[in-house]
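Below: one structure, written as structure tokens.
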Amino acid sequence: MSILNKLASMQNRRDGVPNQELAKELVEHNNLDGIREIAGNLWNKDKNIQSDCIKVFEEIGYLKPELIGDYVHDFLKLLKSKNNRLVWGAMIALSTIAVFKAKEIAQNSSEIIRAIEKGSVITVDGGIKALSLAASVKEDFKQQIFPFLIDHLKRCRPKEAPMHAEFIMCAVDSDNKEAFRKVLKGRSDILKPSQLKRIKKINQQLENI
């Protein structure tokens, strides 16, 4: 029996629970063949199946990201899709594998940035997280990616600033922390008290870097 029969759309389900259950099953059984079948159907002609498959990859990424690392180039390719669900799902998947696929993410950072700049809120969140994690892995990657992250933090929506700053923190070191701190200070005047509380916590963490 094809593993596709376990997808939500194949069961006429509108919720994502079947996809979450399938991801858990694939992880528990280390089912590489099943994961390969899901990967192949990211390109299925049925958009519902495509959406289910990327959801399965998201969930596997949360549970055991090393199982989907081999599909990094599939996720990067999906960033150019006209189907927004595939774009933000692929970006989430990339964020879950960013630490051990940092080289591939750094090499394709321009594509990721393009997707961020024209993407949905979820795409932007996943992209900033993926780039930040990749930048944290190696100095060369940090030198390449950090300027974009700082520029993004300067101009992102106020309500996004705390979370994105938290993502970027993993790429902050003694050499770039003052530039990071300066941007946070520049955004503080337009933030709400709850947002400022998160920024204050970040500034406290900077003292230990």
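Criterion first (within 21 Å of residue 39 (Cα to Cα) and free of Cβ contacts under 8 Å to residues at least 60 places away in the same chain) does residue 93 satisfy it? So residue 93 passes the test. Could you grab me the full set of residues in the range 77-92 that are buried (at least 21 other Cβ atoms within 10 Å of the Cβ), of a type outside the set (Val, Ile, Thr) and in a helix (DSSP H, G or I)? Matches in the range 77-92: 78, 86, 88, 89, 90, 91. Annotation note: of 14, 36, the sole residue that is out of contact with any Cys (no Cβ under 7 Å at 6 or more places or on another chain), among the basic types (Lys, Arg), exposed (fewer than 14 other Cβ atoms within 10 Å of the Cβ) and not in a helix (DSSP H, G or I) is 14.
This table checks each residue for (1) within 21 Å of residue 134 (Cβ to Cβ); (2) of a type outside the set (Phe, Trp, Tyr); (3) in contact with a Gly (Cβ under 7 Å, 6 or more places away or on another chain).
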residue: 2; (1), (2), (3): no, yes, no
residue: 28; (1), (2), (3): no, yes, no
residue: 35; (1), (2), (3): no, yes, no
residue: 38; (1), (2), (3): no, yes, no
residue: 53; (1), (2), (3): no, yes, no
residue: 61; (1), (2), (3): yes, yes, no
residue: 95; (1), (2), (3): yes, yes, yes
residue: 100; (1), (2), (3): yes, no, yes
residue: 107; (1), (2), (3): yes, yes, no
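Taken over the range 114-129, the criterion of being closer than 20 Å to residue 142 by Cα and either of a type in the set (D, E, K, R) or surrounded by fewer than 16 Cβ atoms within 10 Å (Cβ to Cβ) (or both) is satisfied by 114, 117, 125, 129. Checking 136, 132 one by one, the residue that is out of contact with any Leu (no Cβ under 9 Å at 6 or more places or on another chain) and either among the β-branched types (Val, Ile, Thr) or surrounded by 16 or more Cβ atoms within 10 Å (Cβ to Cβ) (or both) is 136 and no other. Residue under question is residue 57, and the condition is that it be crowded, with 18+ Cβ neighbours inside 10 Å, without any contact (Cβ under 8 Å) to a residue 24 or more places away in the chain and either aromatic (Phe, Trp, Tyr) or part of a helix (DSSP H, G or I) (or both); does it hold? No, not satisfied.
Just so you know, all these numbers are worked out from the coordinates, no wet-lab data involved. Everything numeric here is computed off the predicted structure, so don't read it as measured data. FYI the Cβ positions are ideal-geometry reconstructions off the backbone, even for glycines, and counts take in every protein chain you see.
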